[in-house]
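Peer 1: The structure's right below; bear with me while I get my questions together.
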Amino acid sequence: AQLTALAERTFRDTFAADNASADMDAYVRDALSLARVTAELEDPASTFVLAFVGDAAEPAGYTKLRASSSDPSVTGPDPIELERIYVDRRVLGQGVGAVLMQRCLDDARAMGRRTVWLGVWERNARAIAFYERWGFRIVGDHIFQLGADAQRDLIMERHVHP
């Protein structure tokens, strides 16, 4: 339940100002419901990490790595998708995102993966800049369906060194 609440809150904080509320509601209802998140937690192909700041009882951020098929534009060997990385806006700028990203890269390496890839909305300049600082590069694009709105996501990848 904590992860579901964090997932919805951070998704809405990140995208609500630039999208129709009906599209946001439709996406959250489908992709971030308690039942859906619970199923993802039980999926052995998914790895979640929650970040806590200090002795807080509520998580301040989370990631989801997903071992499955990759986007056709991903060319690196042994890929794994960084499907989600979100940080609560109350702690943005405090290094939570960097800790989560490093953990994702470490986990990917430990799983024997040599490429991490992700999709990011082309209009999310803050996230794109963050990923570029971590060595990700744009390799393609695909459509991300947000409710009734077909949006363009950039596909980015980076190599994970052994």
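The values are calculated or read from the model by the stated rules, or taken from the named source; none is laboratory data. All of these numbers come straight from a predicted model, not from anything done at the bench. Cβ atoms come from the backbone with ideal geometry, glycine included; neighbour counts cover every protein chain shown. To get the accessible areas, we keep the full protein, side chains included, count just its heavy atoms, and leave off ligands, DNA and RNA. Shrake-Rupley method; radii C 1.70, N 1.55, O 1.52, S 1.80 Å.
Peer 1: Please work out the Cα center distance from segment 66-86 to segment 44-64, rounded to the nearest Å.
Peer 2: Their Cα centres are 20 Å away from one another.
Peer 1: Taking a ≥ b ≥ c as the square roots of the Cα gyration tensor eigenvalues, with a/c under 1.5 meaning rounded and otherwise prolate when a/b beats b/c, else oblate, which class fits segment 32-77?
Peer 2: oblate
Peer 1: Compute, for segment 59-152, the length of the dipole vector about the Cα centre, with Cβ point charges of +1 (Lys, Arg) and -1 (Asp, Glu) only. Units Debye, rounded to 20.
Peer 2: That gives a dipole near 260 debye.
Peer 1: Please work out the average accessible area per residue across the chain, using the 1.4 Å probe convention, and give it in Å².
Peer 2: On the way: 8320 Å² over 162 residues.
Per residue, the chain has an accessible area of 51 Å².
Peer 1: Springs between alpha-carbon atoms under 10 Å, Gaussian network over the chain: tell me which of LEU41, LEU65, LEU100 tops the mean-square fluctuations.
Peer 2: LEU41
Peer 1: Could you give the length gained by full extension between ALA20 and ARG133, i.e. 0.36 nm per residue of separation minus their alpha carbon distance, to one decimal place? Kindly include the intermediate steps, with their values, before the conclusion.
Peer 2: Working: separation 113, 0.36 × 113 = 40.68 nm, distance 3.02 nm.
That works out to 37.7 nm of additional length.
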